[in-house]
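Taking it in order: structure first as structure tokens, then the write-up.
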Amino acid sequence: MGFDVSVVPFNPDGWGPPDATVAPPSFGGGSSAASASIPYAPFSRSDKLGRIADWTRNPPGPAAFAAARDAVFDFAGLEDSTALASADDASFRLVDGKPPPRHPRFGPRWRFQQRPQLPQRRDEEVEARRREAEKERARRDRHYQQNRRSYHPQHNRGGASSSAKPSVDIQPEWTMLEQIPFSSFSKLSFAVADQPEDTLVCGAIEYYDRAFDRVNPKAERRLERFKSRNFFKVTTTDDPVIRRLAENDTATVFATDAILAALMCAPRSVQSWDIVIQRVGNKLFFDKRDGSQLDLLTVNETAQEPLPEAKEDINSAHSLAVEATYINQNFSQQVLLRHGEKVTFDEPNPFATDGEEAASVAYRYRRWRLDDETSLVARCEIHAVNVDPRGERQFLTLNALNEFDPKITGVDWRQKLETQRGAVLATELKNNANKLARWTAQALLAGADMMKLGYVSRLHPRDHYNHSILSVMGYRPRDFAAQINLNTANMWGIVKSIVDVCMKLGEGKYVLVKDPLKPQVRLYEVPGDAFENEYVEEPLPEEEQVRPLADGADATALEMDAAAEVEAEANGATASADGEAEKRVGTTAM
């Protein structure tokens, strides 16, 4: 049997079948009438195509072969085709390669839990998680830095401001001689062979009041102001006792305990400071300028979060330094037994005039022998005296730490001092490492048997005039130095190295400046008339003149007291005005 292709119509007018076509006979040689049995179904491009012919249909026997021959093209059984198409659709899955939408949750943990993961090998999955964690960490770091720049645009990490200036203006005519990094200080070590000897002791001190050892946050004591007592911060060359000792060739190097402590603890400092060094003959004098940074106590110097720089802010670095100095002076006088017995020494206070009440302080002029040719004399301060249970006399140094805002420091003293004293001290050691190291060094230089640390806090975080004493703790200087990792051999090694460098210089004036941004100090040679104020202004009329301060007296307490009096007067005026208004209202009602 053959396959008849039949007649293919020809279109002479164009391409495609003619308009009127002759229906081809059925396959297999049938007549044109049989063309109706040819299966045909209209469809569009959007429809899914099924089978054209199904050759898998097996007829049940030879008799059904002729009927099944045309059945392969028979689409009359649409239910079968629809069922097959539905089965194909059910087994079809669309693979979407696009990432899912990001969820607004913070942290890589949520993203790992909720993000659908395609099947992949285990090492690829671990690598993907690591990349995602690194991206998330980088995003958090960028967010943190942006927030810090928005709140502190002038600061960088470590407490040092990117716009910080040195404590003294560096003049163009100054010559830099040395630049010493702090990393070289950590390797120094020097042991003083002999114990220091007291060449002279001046002043008078009062006894410590042991009742303050029982002060706690529940039984706090208000901090008092001592306007009548004068505090003196006299530099080395202005000290008449040191001048006398220098004339007698008692030593070759002269300094004060505050200056030596700044040198000994220089690697812990962040803010800039400066020391004036004068070489006169074979003698060396370490001085400080009038109004030097060494006269003020730093606050949160070594904290990670920097303080604002605006001086009008009560929590700025300068305002807190003035407040801390004011607190420290008043605390050192309040914890004493006033109007009682005093311990006097060889000579009276060398800076107080007749009839002037000086603060309780004793000056010990102590001498250390550094080598066969070099000896050092330093003026050291003792603030109080105490009697131990064995009846022996003890010398004390008194200092106070101040709390200004618990939200900034992160520790509330009124809640933690009774239960977690160690945590409070650890926080202060982190935020004020340089200040505590200096106090410890000064206590060691003065030969104090005990150092008392007071914890003083504001009555309110926004009130920087009124304070309360929350607690007082005592430490032995050597034990406390070991606790804060302060090595005495390294301290003396720093001083000895600076002395050796300066002894090689010629006669003249020099300045040692701590760099405000880098952990290093620079030594400059300056003119002989540097830091001397030669300006003389015309005298004011008597009615406009203000009584001058005593020579060497500290103006910090007076400055704070004057501001407090102004505020008190303003509050009093407001209160009196309110009282008058209430009286007028009452009279009208009657």
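The values are calculated or read from the model by the stated rules, or taken from the named source; none is laboratory data. Note that the structure is predicted; figures quoted are calculated from it, not measured. All Cβ positions, even for glycine, are placed from backbone atoms using ideal geometry, and neighbour counts span all protein chains on display. For the accessible areas, the whole protein counts, side chains as well, though only heavy atoms, and no ligand, DNA or RNA atoms are used. Shrake-Rupley method; radii C 1.70, N 1.55, O 1.52, S 1.80 Å.
Can you give the FRET efficiency to the nearest 0.05 for D141 and N466, using r as the Cβ-Cβ distance and R₀ = 45 Å?
Values: r = 41 Å, r/R0 = 0.92.
About 0.65, to the nearest 0.05.
Among T488, L436, P406, which residue has its Cα furthest toward the positive end of the charge dipole of the stretch 175-526, with +1 on Lys/Arg Cβ and -1 on Asp/Glu Cβ?
P406
Highest mean first, what order results for 315-327, 127-139 on Cβ atoms within 10 Å?
315-327, 127-139
What is the gain in length, in nm to one decimal, between D209 and E341 on full extension, counting 0.36 nm per residue of separation less the C-alpha to C-alpha distance?
46.3 nm
Apply the Karplus parameterisation 6.51 cos²θ - 1.76 cosθ + 1.60, with θ equal to phi minus 60°, to every residue of the stretch 513-529 and state each ³J(HN,Hα) to the nearest whole Hz, in sequence, with x for glycine and proline.
Coupling constants for the stretch 513-529: 10, 7, 5, x, 10, 10, x, 7, 10, 10, 10, 10, 9, 10, x, x, 9 Hz.
Per residue of the stretch 348-355, what does 6.51 cos²θ - 1.76 cosθ + 1.60 with θ = phi - 60° give for ³J(HN,Hα)? Whole Hz please, x for Gly and Pro, Karplus curve as stated.
x, 4, x, 10, 8, 8, 5, x
Among all the lysines, which ones have a C-alpha under 17 Å from K504's C-alpha, if same-chain residues fewer than 8 places away are not counted?
K283, K496
For the stretch 330-413, run through the trypsin sites (Lys or Arg not before Pro) and keep only the ones in DSSP coil with at most 11 other Cβ atoms within 10 Å of their Cβ.
R390
Relative contact order for the stretch 175-526: what percent, with Cα pairs under 8 Å and sequence separation of 6 or more?
Working: 697 pairs, mean separation 111.5, N = 352.
The value is 32 percent.
State the extension gain, in nm to one decimal, for the chain segment bounded by D169 and K416, taking 0.36 nm per residue of separation less the distance between their alpha-carbons.
The D169-K416 span can extend by a further 84.7 nm.
For R289, list long-range residues whose amide hydrogen, built 1.01 Å from N in the peptide plane, is under 5 Å from its own amide hydrogen.
V276
Over the stretch 175-526, what percent of the accessible surface lies on carbon and sulfur atoms, probe 1.4 Å?
45 percent
Kindly report the accessible area of the stretch 175-526 per residue (heavy atoms of protein chains, probe 1.4 Å, no ligands, DNA or RNA), in Å².
Numbers: 14620 Å² over 352 residues.
With the other protein chains kept in place, the stretch 175-526 gives 42 Å² per residue.
Tell me, what HN-Hα J-couplings in whole Hz come from the Karplus equation 6.51 cos²θ - 1.76 cosθ + 1.60 at θ = phi - 60° for each residue of the stretch 469-480, using x for Gly and Pro?
With coefficients 6.51, -1.76 and 1.60, one gets 8, 9, 6, 9, 10, x, 9, 7, x, 5, 5, 5 Hz.
Filter the trypsin sites (Lys or Arg not before Pro) in the stretch 186-215 down to the DSSP loop ones having no more than 12 other Cβ atoms within 10 Å, then list what survives.
Those satisfying the criteria are K187.
For a test of the definition: using alpha carbon positions, the gyration tensor, and the 1.5 limit on a/c, classify the stretch 478-536 as rounded, prolate or oblate.
Note, shape of the stretch 478-536 comes out prolate.
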